[in-house]
1. Could you grab the pairs with beta carbons closer than 8 Å, sequence gap of 6+ or different chains, first residue in region 62-89 and closer than 12 Å to His50 by Cβ, second one small (Gly, Ala, Ser) and not in a loop (DSSP other than H, G, I, E, B)?
2. I'm checking my understanding of the structure. Among residues of region 61-90 that are aromatic (Phe, Trp, Tyr) and outside any helix (DSSP H, G or I), which one is nearest to Ala21 (Cα to Cα)?
3. Residues being part of a helix (DSSP H, G or I), of a type in the set (A, V, I, L, M, F, W, C) and without any contact (Cβ under 8 Å) to a residue 12 or more places away in the chain: count how many of those fall in region 38-60.
4. Which numbered condition in (1) at pLDDT 95 or above; (2) at positive phi is the only one that Glu85 fails?
5. Within region 20-37, how many residues turn out to be assigned to a helix (DSSP H, G or I) and in contact with a strand residue (DSSP E or B) (Cβ under 8 Å, 6 or more places away or on another chain)?
6. Could you check region 68-96 and list, in sequence order, the residues that are under 30 Å from Trp29 (Cβ atoms), under 12 Å from the mean Cα position of the chain (by Cα) and either among the aliphatic types (A, V, I, L, M) or loosely packed, with under 14 Cβ neighbours inside 10 Å (or both)?
7. Here is a list of conditions, (1) polar (S, T, N, Q); (2) out of contact with any strand residue (DSSP E or B) (no Cβ under 7 Å at 6 or more places or on another chain); (3) modelled with pLDDT of 90 or more, and Asn9 meets all of them except one; can you say which number that is?
Amino acid sequence: MVERKVEVNGNGETQELLCIATFLPIRSWRYIIPFLRTTAKVQKQLEHTHGLARYGLKADFLHKRFWTLTVWQKKEVIEGFVTSEPHAEAVRRFKD
């Protein structure tokens, strides 16, 4: 996981945001459907997470490679998100 801090100017105030980018290669085609189902659950979790500024997913299905980018307003929000379900389960299932 790569973590980078970025400062942006919004509404006349400078705000610090935390950006996290991940690369998720899937080894076998048999994991694609379970991965996509889990991704849909995590996306719903993201949509209901306060303190998230933006998120994105890029997919290269042919090569079974996926990238994510999330932009957060506070580090505490990230810590709560990654330890909550379904994200925590996704990490356990696909960590290898």
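1. Close Cβ pairs satisfying both conditions: Trp72/Ala53; Gln73/Ala53.
2. Step one: list which residues in region 61-90 are aromatic (Phe, Trp, Tyr), which gives 61, 66-67, 72, 81.
Going one step further and asking which of them are outside any helix (DSSP H, G or I), we end up with 66-67, 72.
Values: Phe66: 11, Trp67: 7, Trp72: 11 Å.
Among those that are aromatic (Phe, Trp, Tyr) and outside any helix (DSSP H, G or I), it is Trp67.
3. Pass one, region 38-60, residues part of a helix (DSSP H, G or I): 38-47.
Narrowing further to those that are of a type in the set (A, V, I, L, M, F, W, C): 40, 42, 46.
When the remaining residues are screened for being without any contact (Cβ under 8 Å) to a residue 12 or more places away in the chain, the result is 40.
So the answer is 1.
4. (2)
5. Here is the first cut: in region 20-37, the ones assigned to a helix (DSSP H, G or I) are 29-37.
From what's left, in contact with a strand residue (DSSP E or B) (Cβ under 8 Å, 6 or more places away or on another chain): 35.
Of the residues in region 20-37, 1 are assigned to a helix (DSSP H, G or I) and in contact with a strand residue (DSSP E or B) (Cβ under 8 Å, 6 or more places away or on another chain).
6. Leu69, Val82, Ala88, Ala90, Val91
7. (3)
The values are calculated or read from the model by the stated rules, or taken from the named source; none is laboratory data. A quick note: this is a predicted structure, and the numbers were derived from the prediction, not measured. Reconstructed Cβ throughout: ideal geometry from the backbone, glycine too, with neighbour counts over all protein chains shown.
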